[in-house]
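I have a structure I would like to understand better, so I am pasting it below and will then ask my questions one at a time.
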Amino acid sequence: MPTLRPALRPALLPALLAAVVAGCGGGSDSAPDSLAAPDAQQLDGAPCGDCRPGVLSGQAASGQPLADAAVLAVAADGRRVEGRTDAQGRFALGVGSPGTAWLLQVRGQAGGRAVTWHALCRGAEVGTRHVTVTAISELVAAQVLGGRPAELLQAGTLDLLRVDADSLRRAEALAEAVLRPLLDAAGVAAAVDLRVTAFSTDRSGLDLVLELLDVQPHGAQGYRLRHAGQPSDAPDLVLEQAQQLALAAPLPAMAGTAARRAADTLAELEAQLRQWTAWLAPARPDRQQLLAELPAGFRDGGLDASGFVDRVLLRQDPADEGGWRMAGARWSAPRLLAQPAADRALLQWQVSPSAPQAAYSETMWWQRHNGRWQPLGDGAMARVQWRALSVLGPQPLAEAAVRSLPGFRCPTGFDWLPETDLAQRCHLLQPALGGVLDAGRPGDGLFGSLALHWSLSADPALRLQAQGQHSQLLGQPSQGVSQHLALQIDARRVDARARSARLFGAGLPADGVLLVPPPLWAGRPLWPHWALADADGRARDDWQALPLGWCDWAADTAAQRQCQADWATLAPGRSWQLRWLDAQGQTLGEQAVTLPLLPRPQAQLQADPGRWFARWQPTPASDTLAALPALNAVLDDRHAQALALQWPALAPAEAGLLPVEAALTWWRAPWPGAAAPAGSATAEQADGDDGDERVHRRLPAAGADGRPAALHLAVPERSGWRGRWLAARLVVQDSEGRWYLHFLAPNNPR
């Protein structure tokens, strides 16, 4: 971490003095812009020729334009206006009478990575100045507002009365001082206004600065800054608080020759990405051609060159596994993260697979050999990332509400006795129906959402029929939002020696959390990611997410308190450690995994789930899953042997959300009392010791129009088998990379 200084640098004092003396029209320069707008002569930057009265216009860029990005303008008086950028990152929002200060937020993709930048605009600048939204304007806005704008906006604590000419000039002067080594290298003069100066995205001047500058959220309140040309041993500049620019040392120096070299490198690598796009264009890319372009030392996500070509570049999934394929993908939008030598560069770029799959980012080292750049890979054991995940499911009844249900009996205190002990479960005796209604106990996955009827009939068919008819929903379907962190270990991009991994970090058990690879099906992973292991150390379903604040593992009050305190410190930039283990449990290596961002506030999502979650819509005409009793969908005669579903899809109302995943799992088993047919174990079977079969289908998440696709699925019958459970999920992603998952199951049938 750079040394923090207790006072302003002397070089800053003239700029700050000029900002104080300059004044603001209508009274004191410290007066809020929303109370006293300045005269046109007191505005910074040159007027823009294409500005129009009442229109807030500008450009969003992170080096390359932020194309088709979501734009939100929020006024000090509470007005909100939304729009999108064009292909050049430009935007124009009709805000009417400006009057007050505005915050601009732009959410888009830079090199395939989600970014969110903010900028501030005084009322008098609306219709007269061109506002740029960049990593630099983010720092200026954070300095003025006293915190990261995204968090302030979400928390409802945004104070735009802090925005005036003095605060903006002071913040810009501080940002310029920190960035001056990079600005000098790119030839950006001190007279250039960093906030309202229009520029061309041509990798020169201010645009080159944005190409080379990397600004990331850090901790609960701050940022981490670095540039692509700094020495590999130079530490990042860390601001523990967003408004600490005044205390920060400048970024490491960068020679002008290094800046020009970086610009040339980006142009060369962009041309090389176009060449890779051409190689991948055919429906069946040439394997030997692809192999020839990877050097002998290539290593990415645990794969050598041959493995990367076969498992990534030539991947083509069947339609019932999602239809993912790299053939026809476009590689574009490079961002240079580091260039320690002229012939070596760390590059991030965007991969856009064939429609309707969602774009994502790759990050690899590249090396120039004989005048051409070749990818070297990332050198890691596996491709791993945290994903902020929000889940829309049932809103279960609280324990007190379950206890108060008419006729239900619950123990005074729950002991962890065997689950078959009815005395330790909330239940309702139903002698007239020949059975009991079992609501479970706290800690059960269905507690508060579903009560299952258990019949005392000796006839297996009658028991199943009674369960479908008399089980009851207790919670409210699709009314509850839970938040998770999903650790996604790509099942196709992991070192072949790795048999398991343990995750260690604050808030987790001392012995870590175990993750294991999925079973194979026809030589391919049954699920796309490694899964959390059960008590037997096996992956029984496709789930790799930890609930936010998860402390169920804590054995006593002290451990609970420590766990809760650890989770309370959760913030972007926090890291956990993965330890890779071989078949004998020996350590192969370790890998740090950093949290990029958190889920959106739970209250915001729960107040308007239709805005954020895509949903399938079962109807009685298409399937009985929409009807009660809840278990009819998997227990009635139509589903006893075969499964046929036709569900329309409902897109989320929020603009810019893209479908990324659709999946379904159907558990089925032989009828009770019947022996499983010989050879009944199948490649789809996830746990072959109990005779069940789990039929998994990964489905196209989007149609040709890019919207969530309707579900049309038929699974052939299997004589002598019946359904036990059905679960389906549909996932969309926002421009910042967060996932929003809606699931359907008997405890959440609509």
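Between L462 and L520, 0.36 nm times their residue separation minus their Cα-Cα distance comes to what? Walk me through the numbers on the way to the answer.
Details: separation 58, 0.36 × 58 = 20.88 nm, distance 3.62 nm.
Fully extending the segment from L462 to L520 adds 17.3 nm.
About its Cα centre, what dipole magnitude does the stretch 399-521 give when the only charges are +1 on Lys and Arg Cβ and -1 on Asp and Glu Cβ, stated in debye to the nearest 20?
300
May I pose another question? How would you order 720-727, 270-277 from highest to lowest mean count of nearby Cβ atoms within 10 Å? Mind showing how you got there, number by number?
On the way: 720-727: 19.6, 270-277: 16.5.
Result, highest mean first: 720-727, 270-277.
Sticking with this structure for a sec: Between the stretch 67-116 and the stretch 267-296, what is the C-alpha centre distance in whole Å?
For the stretch 67-116 versus the stretch 267-296, the Cα centre distance is 36 Å.
Calculate, for the stretch 174-324, the solvent-accessible area per residue in square angstrom, rolling a 1.4 angstrom probe over the heavy atoms of the protein chains. If you can, show how the numbers build up before the last one.
Numbers: 5900 Å² over 151 residues.
Normalised by residue count, the accessible surface of the stretch 174-324 is 39 Å².
Okay, next question. For Rg/Rh (Cα atoms, Kirkwood Rh), which listed value, (i) 1.11; (ii) 1.00; (iii) 1.28, comes from the coordinates shown?
Evaluating Rg/Rh (Cα atoms, Kirkwood Rh) on these atoms matches (ii).
Hey, got the dipole for the stretch 189-303? About the Cα centre, +1 on K and R Cβ, -1 on D and E Cβ, debye to the nearest 20?
It works out to roughly 160 debye.
Right, here's the next one. Which distance in nm do the two modelled labels at Q646 and Q154 give, with both placed 7 Å along the Cα-to-Cβ direction?
Reported label-point gap for Q646 and Q154 is 4.2 nm.
Give me the number: length gained by fully extending A607 to R80, i.e. 0.36 nm times residue separation minus the C-alpha to C-alpha distance, one decimal in nm.
Working: separation 527, 0.36 × 527 = 189.72 nm, distance 1.81 nm.
187.9 nm is the gain from fully extending A607 to R80.
I need the shape label for the stretch 483-625. Rule: rounded when a/c is under 1.5, else prolate if a/b > b/c, else oblate, with a, b, c from the alpha carbon gyration tensor.
It comes out oblate by the Cα gyration axes.
Then there's this: Mind ranking 735-746, 522-533 by how tightly packed they are, going by the mean number of other C-beta atoms within 10 angstrom, highest first?
735-746, 522-533
So how do 368-380, 246-258, 93-105 stack up, highest first, on mean other-Cβ count within 10 Å?
Highest to lowest by the protection proxy: 93-105, 246-258, 368-380.
What residue among V209, A533, A242 has its Cα farthest toward the positive end of the dipole of the chain, where the charges are +1 on Lys, Arg and -1 on Asp, Glu, each on the Cβ?
Projecting each Cα onto the dipole axis, the largest value belongs to V209.
Could you calculate the FRET efficiency of R325 with R372 from 1/(1 + (r/R0)^6), where r is the beta carbon distance between them and R0 is 35 Å, rounded to 0.05?
0.85
Okay, next question. Tell me the accessible surface of R579 in square angstrom (1.4 angstrom probe, heavy atoms of protein chains only), to the nearest ten.
80
What is the distance in Å between the Cα centres of the stretch 695-738 and the stretch 135-174?
Taking the Cα centre of each part, the stretch 695-738 and the stretch 135-174 sit 43 Å apart.
Report the accessible area of E82, computed with a 1.4 Å probe over the heavy atoms of all protein chains in place, in Å² rounded to the nearest 10.
Here the accessible area works out near 120 Å².
Work through the residues other than S232 whose Cβ is under 15 Å from its Cβ and net out their charges, Lys, Arg +1 and Asp, Glu -1.
Numbers: positive: R226, R344; negative: D214, D233, D236, D343.
Overall, the nearby charge balance is -2.
Please compute the length gained on full extension between T569 and D444, using 0.36 nm multiplied by the number of residues separating them and subtracting their Cα-Cα distance.
Difference between extended and current length: 42.2 nm.
Further, regarding this structure: Using a 7 Å offset from the Cα along the Cα-to-Cβ direction at both Q479 and L161, what is the distance between the two label points in nm, to one decimal?
Calculated label separation equals 3.9 nm.
Determine, from the Cβ-Cβ distance of A296 and A704 and an R0 of 41 Å, the FRET efficiency 1/(1 + (r/R0)^6), rounded to the nearest 0.05.
0.50
Something else: Return the whole-Å distance between the Cα centroid of the stretch 309-342 and the Cα centroid of the stretch 191-223.
The stretch 309-342 and the stretch 191-223 have Cα centres spaced 28 Å from each other.
OK, next. Would you work out which of A583, W667, L294 lies farthest towards the positive end of the dipole of the chain, given +1 charges on the beta-carbon of Lys and Arg and -1 on that of Asp and Glu, about the Cα centre?
L294
Tell me the carbon and sulfur percent of the accessible area for the chain, rounded to whole percent, probe radius 1.4 Å.
Accessible surface attributable to carbon and sulfur in the chain totals 53 percent.
What FRET efficiency comes out for A655 versus Q617 if R0 is 35 angstrom and r is the Cβ-Cβ distance? Round to the nearest 0.05.
That pair, A655 with Q617, gives E of 0.95.
Rounded to the nearest 20 Debye, what is the dipole magnitude of the chain about its Cα centre when Lys and Arg each give +1 and Asp and Glu each give -1 at the C-beta? Walk me through the numbers before you get to the answer.
Details: 67 positive and 75 negative charges, 111 e Å.
Using Cβ point charges on Lys, Arg, Asp and Glu, the chain gives about 540 debye.
The values are calculated or read from the model by the stated rules, or taken from the named source; none is laboratory data. Everything quoted here is computed from the prediction, not taken from an experiment. Heads up, the Cβs are rebuilt from the backbone with ideal geometry, glycines too, and the neighbour counts pull from every protein chain shown. Heavy atoms of the whole protein, side chains included, go into the accessibility calculation; ligands, DNA and RNA do not. Shrake-Rupley method; radii C 1.70, N 1.55, O 1.52, S 1.80 Å.
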